[in-house]
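Participant: What follows is a structure written as structure tokens; I'll ask about it next.
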Amino acid sequence: MNERIRPTEAWLDAVVAPFRTGVFFSIWIASLASNVGTLIQTVAAAWLMTSLAHSSDMVALVQGASALPIMLLSIPAGAIADIWDRRALMLLAQGLMAVAAALLTWLAFRGQVGPWSLLAFTFLLGAGSALYGPAWQSSVGEQVSSVQLPAAVALNSINFNIARTVGPALGGVIVASAGAPVAFLVNAISYVGLIIVLARWRRPDVPATLPPESMGAALGAGLRYSRLSPAIRTVLVRSSVFGLLASALWATLPLVARDLLGGGPLTFGFLLGAFGVGAVVSALGSAWLRRRYSSDTIVTVGAVAYGVASVVIASSPWLALTSAACLVAGSAWVLSFSTFNIATQTSAPRWVVGRVLALYQTAAFGGIAIGSWLFGEYAELGGLKVSLTTAGLLQAGSFLLARRWPLQSTDSVDLGPLRAALDDHAGGNVDPEAGPIVISVEYRIAPEDTALFVRAAHELGRIRRRDGARRWILLQDLDEPRLWLERFETVTWLDHLRQWQRATVADQAVRERVAAMHRGGGAPPVRHLLARAPDDSHGAGEAWRGTARPGPTDPQLAGGDAALGVRSLRPEPGGAPVEPNATDHPRRH
């Protein structure tokens, strides 16, 4: 009997382990109150719109107005979260939402809220969520250990879906008994606790070894990293398609309650509550499911289940059957999106996780925003039942995406930094803004290793480009076919340092595989070259001499100390630029 209990106890202990961290627990509780308020606001806004405007597209636009700012603002918000104080950004976002909610409450009590002003305030609240989301999600790694991160992400999903269970039902009661203005007031008050908790939290002090990137550079780095990471690209494609097709049910649920079931705000709240119950149940069981099934299987089955539930809701005239289908849809919704979220967080190192999460949010909520508008228009033209049935069938058929874009398992991938010392070529005398910097690595490869080397080198090239290198190319010497040259560049020396510092433990296997095929004795020789213009006197009158020092370590290949064993640029006071000797470098084609 005890042996049967122990696995359950171990599973429960793993699920709640992040709660032992005080700051995570405090933020979790305060977020729960805020999320309940947000869902009360959602119910009130959606139901108020049914009385302000009778067209299906205007009702669906409430959900679109909430998701659209997340699509538009998440990417810059993610860049800010990575280069600025995440806690300060979270406080700013919560303050913006509190002010917007308070102003909406004041206007609602005065009877001055119309369809377009309601959409405008919904958009403002969505903008606050867009600013808050990437900072909040990327800060989870600062609140708990890396081992507890998946459980913490799952608990945050449980948090929102507990709110999804309680909030809509409570919102329906408040709207039915006291009206939408009171519901808006409750939402405005719900932000206070989270603002207090965030104000008291002190983030871990992580000393910066390099100055922060500019906004433009940070955005570019995030986009480049995501584009060159196959696991992240897959999450973006799958989440955007799921959100696009799932939005039909979520955006038109008020119309389901009113037109298909003939109910009022209590019916709408009840349906949202059923949606939330399914979400909570699946969130509680998500850890168990992830131990037994792959992420790809969970998301694929979730899409099919959500599609079937949408078709059932479109054809059901009974509240009990519709509620059961909403429960299934809620379960599929949270399982899919929490799996996407975990896959995103475990596929990105901490230096770029805010930007990658922002791109994921942009893809997912962009799909929701576009789908809300498309299926709202479709419902207006072809009818609500046709719109829901079409979306459900397409969602059920989206399992075909798994063949082309299967979600990759990244649980065993170590994305921690190599923790190597910064490159100190030239004794630290290289101007950080000097550039472009061209890096070349020479390999001697046996003919029988050529095919393996080319594939491994191109994989290494993808990693280098992902981390900031540009114009990467692999060259073979026509006069000496065993000699290969890998060449790439960075805009400045500071960009080179950033690229080198971004190397992860997981990348090390690729570097070692490439270096192991080198047959030249020792490590592959490396040169760091500074581009010079004819009138470039280097300011202080220093000239540079390229010195070759072959040795055991290349920071770009093995993550070691760059001062050891590389070809480097070193200043020669009062000297003249030294040209390569023709006998040292034979003619190459």
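The values are calculated or read from the model by the stated rules, or taken from the named source; none is laboratory data. None of these values were measured; they are calculated from a predicted model. Note that each Cβ is placed from the backbone with ideal geometry, even for glycine, and that neighbours are counted across all protein chains shown.
Participant: Output the residues belonging to the stretch 96-144 that are outside any helix (DSSP H, G or I) and either of a type in the set (A, V, I, L, M, F, W, C) or in contact with a Pro (Cβ under 6 Å, 6 or more places away or on another chain) (or both).
Facilitator: Across the stretch 96-144, the qualifying residues are Val113, Val144.
Participant: Right, something else. Go through Ser323, Ser336 for me and flag whichever is under 16 Å from the mean Cα position of the chain (by Cα), in the same structural domain as Asn159 (by TED's automatic domain parsing), at pLDDT 85 or above and not aliphatic (A, V, I, L, M). Break it down into steps so the answer makes sense when it comes.
Facilitator: Details: Ser323 fails: under 16 Å from the mean Cα position of the chain (by Cα).
None of the other options fit; the residue is Ser336.
Participant: Looking at Leu357, Leu388 in this structure, which one is touching a helix residue (DSSP H, G or I) at 6+ places or on another chain (Cβ under 9 Å), part of a helix (DSSP H, G or I), of a type in the set (A, V, I, L, M) and closer than 19 Å to Leu255 by Cβ?
Facilitator: On the way: Leu357 fails: closer than 19 Å to Leu255 by Cβ.
After ruling out the rest, the residue left standing is Leu388.
Participant: How many residues does the stretch 138-159 hold that are under 15 Å from the mean Cα position of the chain (by Cα), more than 17 Å from Asn35 (Cβ to Cβ) and small (Gly, Ala, Ser)?
Facilitator: 2
Participant: So which of Ser239, Ser214, Ser177 ends up being surrounded by 17 or more Cβ atoms within 10 Å (Cβ to Cβ) and either under 29 Å from Leu119 (Cα atoms) or of a type in the set (Gly, Ala, Ser) (or both)?
Facilitator: Ser239
Participant: Sticking with this structure for a sec: Out of all the residues in the stretch 124-150, which are at pLDDT 75 or above and more than 19 Å from Ala30 (Cβ to Cβ)?
Facilitator: Selection gives Leu124, Gly126, Ala127, Ala130.
Participant: Also: For the stretch 264-272, does any single residue satisfy the condition of being modelled with pLDDT of 85 or more and outside any helix (DSSP H, G or I)?
Facilitator: no
Participant: Determine whether Leu103 is surrounded by fewer than 24 Cβ atoms within 10 Å (Cβ to Cβ), free of Cβ contacts under 8 Å to residues at least 40 places away in the same chain and assigned by TED's automatic domain parsing to the domain that holds Leu131.
Facilitator: Yes; evaluated as a whole, the condition is true for this residue.
Participant: Take the conditions without any contact (Cβ under 8 Å) to a residue 24 or more places away in the chain and part of a helix (DSSP H, G or I) and apply them to Arg403. Does it pass?
Facilitator: It is true that Arg403 is without any contact (Cβ under 8 Å) to a residue 24 or more places away in the chain and part of a helix (DSSP H, G or I).
Participant: Among the residues of the stretch 146-157, count how many are in contact (Cβ under 8 Å) with a residue 12 or more places away in the chain, part of a loop (DSSP other than H, G, I, E, B) and surrounded by fewer than 20 Cβ atoms within 10 Å (Cβ to Cβ).
Facilitator: 1
Participant: For the condition over 26 Å from the mean Cα position of the chain (by Cα), modelled with pLDDT of 80 or more, assigned to a helix (DSSP H, G or I) and of a type in the set (A, V, I, L, M), what is the one hit in Ala88, Ala45?
Facilitator: That would be Ala45, the only listed residue that is over 26 Å from the mean Cα position of the chain (by Cα), modelled with pLDDT of 80 or more, assigned to a helix (DSSP H, G or I) and of a type in the set (A, V, I, L, M).
Participant: So how many residues does the stretch 269-289 have that are within 14 Å of Leu155 (Cα to Cα) and surrounded by fewer than 22 Cβ atoms within 10 Å (Cβ to Cβ)? First the steps, then the outcome.
Facilitator: Of the stretch 269-289, the ones within 14 Å of Leu155 (Cα to Cα) are 279-288.
Going one step further and asking which of them are surrounded by fewer than 22 Cβ atoms within 10 Å (Cβ to Cβ), we end up with 281, 284-285, 287-288.
So the answer is 5.
Participant: Would you say Gly114 is crowded, with 21+ Cβ neighbours inside 10 Å and in the same structural domain as Pro254 (by TED's automatic domain parsing)? Outline the logic, then answer.
Facilitator: Numbers: crowded, with 21+ Cβ neighbours inside 10 Å: no; in the same structural domain as Pro254 (by TED's automatic domain parsing): yes.
When the stated conditions are applied, Gly114 does not pass them.
Participant: Does the stretch 365-381 contain at least one residue that is aromatic (Phe, Trp, Tyr), at pLDDT 85 or above and within 17 Å of the chain's Cα centre (by Cα)?
Facilitator: The answer is no, given that none of the residues of the stretch 365-381 is aromatic (Phe, Trp, Tyr), at pLDDT 85 or above and within 17 Å of the chain's Cα centre (by Cα).
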